[in-house]
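J.: Below: one structure in structure tokens.
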Amino acid sequence: MATAHARSSGRRSRRRPDDVAGLGRTGAGTFLVPALALIGLFLIFPALWTIYLGMTDYRLTGLAAADPQFIGLENYRQVLADAEFWRSLRLTLIFVLGSGVLGQTLLGFCVAWSLRRLPRLAKGLIETLVLAAWVVPTSVGSFLWLALLDRHEGTLNWLLDTPGTAWLIEYPMASIIIFNIWVGTAFSMLLFSSALGAVPPSQLESSRMAGASTWQQLRDVVIPNIRGHILTNTLLITLWTFNTFTPYLLTAGGPNGASEILPVYIYRTAIPGGQLGVGAAISLLMLLINLVIALVYMRIGREKKT
Amino acid sequence: MATIATTTLVKEYPGGVRGVDGVDVTIADGEFFALLGPSGCGKTTLLRSIAGLEAITEGTLHIGEVDVTQAEPGERGVAMVFQDYALFPHMDVADNIAYPLKIKKVKKSERRAKAVDVADGLALDGLSLRRPGQLSGGQQQRVALARAVATEPEVLLLDEPLSNLDARLRLEARTFLKELQRDLGVTTVFVTHDQAEALALADRLAVMKAGRLQQVGTPQEVFGRPANTFVASFIGSSPMNLVTTTIADGAVPVGQGTVPLPEGLTQADGREVIWGARPEYLRWSAEEVPVGVPAEVSVTENLGASALVTAVSGQEKLQLVVPEEDAPGPGDAGWVVASARRSLLFDPETTERID
Amino acid sequence: MTATSAARSGGTTSSTTAARTARKFLTRILFVLAMVVVGFFFALPLAWLVTAPFSKVPTLTVSWPDWTLENFRVLTENPYALTSIGNSLILGFGTIAVVVTTGSLAAYALSRVRIPGRDGLLYGLLLLSSVVTGTAAMVPLFQLMVATGLINTQTGVVLALSGGVLPTVIFILKDFMDSIPKSYEESARLYGAKPHQILRHVVVPIARPGLAFVAVWALVQVWGNFLLPFILLRSPESQPAAVIMYTFYTESGQADLSLISAFSLVFSIPVILLYFLVNRRYGFRFHGGIKS
Ligand SMILES: Nc1ncnc2c1ncn2[C@@H]1O[C@H](COP(=O)(O)OP(=O)(O)O)[C@@H](O)[C@H]1O
Ligand SMILES: [Mg+2]
């Protein structure tokens, strides 16, 4: 039986695939096609189209809506000269640093670390709460925060006995930063829980036997072991935070643009503002900034390894 | 069943590492053949090339007269037991054993029956509903074997199947494996880095180093007449004594004494050679002997019924195995005596044995 | 107190042990306190979600509920509320189906075959996905849907959402599949299994925890996604809960808290339930992702 098979295949002159699944390049290609087609059509195409749109005076309404003109880099000149863009960029960086890198990553790590020393019940409770905040649909989550921070009936004012404090107006950036920490910490917590679970217990034990403090254990054993996780987590969190539109549901960028992070700025320029071409130009700038961030992270990751 | 024959088989990994570098070997039908060598010498690569899991870079591979160099693994009639057994964690024992039959489209009831049958034959009765995670190491190993033989393959490949078992279990499994192979009569290639295992199990064995075959032969040949100094020091539970020296007065000077030239060999005075003798073939004498090496014992290691004695003579260290009751203690002086029938000479340049 | 007095009266050794016990006790207290604060921080906003729907006259302030189901009756009378949940289910499970099948095929190929430029491709897509699914691609996506006639259809939204989440899905799944020992597939292959059989019989069952996580993750993304369906679906009958919810608190001048509170809860329960079921059964594992 097997012999007969072998004989017929021996005559075929193709090279045998050299991977565990026997897929070969062509097989792998076939497996990739459906996903790449979807991604190409609904991700890459819009991205490329954005480049083109960014160089036109395309508008939502009026003459330029029917017949957009190619205007080269004019949009970019306009955006880069716009003080609002620079303020928005600055706010975005604060937002990303505060809620993403510091907030979610750090809090997520601390929670993941602490959960390991909590009794079962408390562990389950905290984990559930953190995860629930993440899983609840964003439109519900943002309404919950609107209710919590409401000027007149908000629970926070009632708890702190500060009636009439309009948190979203007086502290808009702090509000959306804390909101975003609340929403997103779960991902880092999950990721770091999984990472900490994979740190060899023998290494931790031997460092403890050498008398290392918690801090020293973290620095000498845990961090080196989970460097890859830290990097992936920070990269993903940074990109996600950079591009999140949800804070719009809380402050709508206000008051007076005091919490207008880039995605909100784009939305306001493109849809209510009607300048689709300019919106596309800002989108592209944002993509470039993201690219730079990603490259920096990769470089850090590679350097640490050697 | 089937013979296996390779001609100048080369497997080059991307990056240029040659895992197997020009191997010519023919394995007879029904033979129990061991591939032996230190870690990283290319045993697994050769085995996987035979299985078809690695694409062969150069050379040819025949299994039973058929050129299978380019054939898919599933078309070669081979079965393999992996070092980590690779039992599917989501299937019970019977499904694991029956998996090859599932691929061959055997009906479910029929293949479960066959699986239970094979399992019973391998002392796995009553375990067919367990998952691999619920089995001991020895049981897992037998399930992996059962899965491999359930298809009645022409060739059975085993990659260090015993190395994950503890020492006692390993001896049991070794005997079990030998019996199984004899009953099935299937051509078997067995990879191991443990020379004792290879000597005990194999009809013939091949010693490998850096992707090349060093020697192919029966256990007696490889143990008694190693082809070069590498094989000489790799085979044996304690390595062969190897001393570089220069022939003088028709004898071989070693340390502060001499040993006789090996039987049947004549060498010109002044030729540089490596003299070799296994510790088991050296003798200890407390009284002076006409031809021997005066030495002082530095360490005595107990091996149970015998002792491994390390004796120093001048610059040379010699090891010899002595029956327990005759073992000298550290500091004792005496003579190491070699037999002409049981010693060898190697060429220091090529490291090959001189015949 | 006891610690300090013990330190004064005792000798040097006992005073240091006492000080150490005191410090240990103090850190323990601080630790518990910190955990309470963290728990409180995450629980506080959620409190409204579980109390208000059961209050006779819900207000924005958290208060002890009267355990009435009246608000849910109001909900069933709203013409869009329940259909919108149905629409969310269609979008969610449609996207899961598309993303898990195409994503696992792609992740498997990327995990097992050395395709030139593989890592670059993966990171490039990941980068694009986080940017383009946001506001940036609204206009081109809208134009694309109009051009292909998929505007105002659930299919269009499912496809667009799938394109957006696929890179992350592939990334997570590839990380998971990289950790599956290759010998499983090799042994299946030795017995003659074809790639699609290896995938069905071996890889998918072993990767099930990863697939489940990815499915739930995708559902969470889709369930809460507001922007895409808001732009691509114009008729209220086909809009999902995320969009309807938004209209509930923006369109009527005075927000109807009975409706909003009950709706929020009904809208949240499916994802929360599914998430905890999957998490309980499989947990979450991640192996580092960035290796190269
Ligand atoms: N996938 C691979 N890619 C590159 N080199 C490899 C690969 N697998 C094995 N090697 C190299 O090939 C040589 C032989 O390896 P192997 O056959 O596994 O040795 P053994 O089984 O005898 O310990 C080693 O030097 C090893 O580093
Ligand atoms: Mg090996």
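The values are calculated or read from the model by the stated rules, or taken from the named source; none is laboratory data. Values in this document were obtained by computation on a predicted structure and should not be read as measured data. Please note: Cβ atoms are built from the backbone with ideal geometry, for glycine as well, and neighbour counts cover all protein chains shown. These area figures cover heavy atoms from the full protein model, side chains too; ligands, DNA and RNA do not enter into them. Shrake-Rupley method; radii C 1.70, N 1.55, O 1.52, S 1.80 Å.
J.: Out of the strands (runs of 3 or more DSSP E) lying entirely within region B:1-40, which hold 1 or more residues that are in the same structural domain as B:Ala200 (by TED's automatic domain parsing) and within 22 Å of C:Arg114 (Cβ to Cβ)? Let's see the steps before the verdict.
T.: Working: elements: B:4-12, B:18-27, B:32-36.
Output list reads B:4-12, B:18-27.
J.: Which of the residues that make up region B:41-64 are farther than 17 Å from C:Arg189 by Cβ, assigned to a loop (DSSP other than H, G, I, E, B) and within 13 Å of ligand 2 (Cβ to nearest atom)?
T.: B:Cys41, B:Gly42 - these are the residues of region B:41-64 that are farther than 17 Å from C:Arg189 by Cβ, assigned to a loop (DSSP other than H, G, I, E, B) and within 13 Å of ligand 2 (Cβ to nearest atom).
J.: Considering only residues that are open to solvent by 10 Å² or more (accessible area, probe 1.4 Å) and in a helix (DSSP H, G or I), look in region A:246-264 and name the one that is nearest to the other protein chains (Cβ to nearest Cβ).
T.: Top of the filtered list is A:Leu249.
J.: Which of the residues that make up region C:151-160 are open to solvent by 10 Å² or more (accessible area, probe 1.4 Å) and more than 8 Å from chain A (Cβ to nearest Cβ)?
T.: C:Ile151, C:Asn152, C:Thr153, C:Gln154, C:Thr155, C:Val158
J.: Taking region B:230-255, which residues are under 17 Å from B:Val291 (Cα atoms) and surrounded by 15 or more Cβ atoms within 10 Å (Cβ to Cβ)?
T.: B:Val243, B:Thr245, B:Ile247, B:Ala251, B:Val252, B:Pro253, B:Val254, B:Gly255
J.: Related question: Which residues, counting only those in region B:60-100, are more than 7 Å from every other protein chain (Cβ to nearest Cβ) and open to solvent by 30 Å² or more (accessible area, probe 1.4 Å)?
T.: Matches in region B:60-100: B:Thr60, B:His62, B:Glu65, B:Gln83, B:Asp95.
J.: Select from region A:265-284 the residues that are within 10 Å of another protein chain (Cβ to nearest Cβ), in a helix (DSSP H, G or I) and within 24 Å of the chain's Cα centre (by Cα) and list them in ascending order.
T.: A:Tyr265, A:Ile266, A:Tyr267, A:Arg268, A:Thr269, A:Ala270, A:Gly279, A:Ala280, A:Ile282, A:Ser283, A:Leu284
J.: Right, another one. Can you say whether B:Leu201 is in the same structural domain as B:Leu308 (by TED's automatic domain parsing) and open to solvent by less than 40 Å² (accessible area, probe 1.4 Å), as far as the supplied structure shows?
T.: Against the criterion (in the same structural domain as B:Leu308 (by TED's automatic domain parsing) and open to solvent by less than 40 Å² (accessible area, probe 1.4 Å)), B:Leu201 does not qualify.
J.: Looking only at region C:130-141, decide whether some residue is assigned by TED's automatic domain parsing to the domain that holds C:Ile244 and modelled with pLDDT of 80 or more.
T.: yes
J.: Right, another one. Filter region B:158-174 down to the residues that are more than 12 Å from ligand 2 (Cβ to nearest atom), polar (S, T, N, Q) and more than 13 Å from C:Ser183 (Cβ to Cβ) and list them by number.
T.: Residues of region B:158-174 more than 12 Å from ligand 2 (Cβ to nearest atom): B:162, B:164-174.
Restricting the remaining residues to those that are polar (S, T, N, Q) gives B:164.
Selection gives nothing.
J.: Still on this model: Looking at region C:189-207, which of the residues that are without any contact (Cβ under 8 Å) to a residue 40 or more places away in the chain and more than 7 Å from chain B (Cβ to nearest Cβ) is least open to solvent (accessible area, probe 1.4 Å)?
T.: Checking each candidate, the answer is C:Ile198.
J.: Okay, next question. Kindly indicate whether any position in region B:14-32 is within 11 Å of another protein chain (Cβ to nearest Cβ), more than 15 Å from ligand 1 (Cβ to nearest atom) and farther than 14 Å from B:Leu213 by Cα.
T.: no
J.: Inside region A:65-80, can you point out the residues that are open to solvent by 80 Å² or more (accessible area, probe 1.4 Å) and either over 18 Å from A:Trp49 (Cβ atoms) or polar (S, T, N, Q) (or both)?
T.: Let us first name the residues in region A:65-80 that are open to solvent by 80 Å² or more (accessible area, probe 1.4 Å), namely A:66-67, A:69-70, A:73, A:77, A:80.
Residues satisfying the conditions are A:Gln69, A:Arg77, A:Leu80.
J.: If I go through region B:5-38 residue by residue, how many of them are touching a Leu at 6+ places or on another chain (Cβ under 9 Å), open to solvent by 70 Å² or more (accessible area, probe 1.4 Å) and within 16 Å of ligand 2 (Cβ to nearest atom)?
T.: Qualifying residue count for the region: 0.
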